[in-house]
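Only one structure is covered here, and it is reproduced in the block below.
The values are calculated or read from the model by the stated rules, or taken from the named source; none is laboratory data. A quick note: this is a predicted structure, and the numbers were derived from the prediction, not measured. Because the Cβ atoms are built from the backbone with ideal geometry, glycine has one as well, and the counts that use them run over all protein chains shown.
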Amino acid sequence: MQTPRYWRIMLKGGRKAHLARFDPTQWCGDVALCGQPLPLDKRRGSATTINEPLLNECETCLRKSGHLKKPPPTEEERRNELIMKTARFLIEQLGLTPSQVANVIRDAKTAKEKAGH
């Protein structure tokens, strides 16, 4: 029989099970892959060992285990990332101060709004 890879643990009041790495030298995990603490007194039922997740567990645990891909960034997340990269470039490469960077970004936003986009 194959050695289990994960503990599957339900918490009281929780809707989704969490995953913890299986370690044969210790009792079931005390921290889920997502970082959620798994105290023994807050668990619902017994922890079970599984080889592969059932895919109805906590989304963050599934991502950390490599069974679920991170969703693509939203338009707003992409825009915010571009603004942050631009700000870093202006500060690190051009030597602008944070207040100058804020003015540049504000002016660019105003120009874009005037252009009708």
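Quick notes
- For first residues located in region 69-82 and polar (S, T, N, Q), partners that are in a helix (DSSP H, G or I) and lie 6+ apart or on another chain with Cβ distances below 8 Å do not occur.
- The set of residues in region 38-64 being assigned to a loop (DSSP other than H, G, I, E, B) and closer than 14 Å to MET10 by Cβ consists of LEU38, PRO39, ARG44, GLY45, SER46, ALA47, PRO53, LEU54, ASN56, GLU57, CYS58.
- Qualifying positions in region 22-61 - hydroxyl-bearing (Ser, Thr, Tyr) and more than 22 Å from the chain's Cα centre (by Cα): THR25, SER46, THR48, THR49
- Among the residues making up region 21-47, those that are surrounded by 12 or more Cβ atoms within 10 Å (Cβ to Cβ) and either under 21 Å from LYS69 (Cβ atoms) or in contact with a Pro (Cβ under 9 Å, 6 or more places away or on another chain) (or both) are ARG21, PHE22, ASP30, VAL31, ALA32, LEU33, CYS34, GLN36.
- Only one of the numbered conditions (1) surrounded by 11 or more Cβ atoms within 10 Å (Cβ to Cβ); (2) at pLDDT 90 or above is not met by LEU68, and that is (2).
- Members of region 3-19 that are touching a helix residue (DSSP H, G or I) at 6+ places or on another chain (Cβ under 6 Å) and of a type in the set (A, V, I, L, M): LEU11, LEU19
- The set of residues in region 70-117 that are of a type outside the set (A, V, I, L, M, F, W, C), in a helix (DSSP H, G or I) and within 30 Å of THR60 (Cβ to Cβ) comprises GLU75, GLU76, GLU77, ARG78, ARG79, ASN80, GLU81, LYS85, THR86, ARG88.
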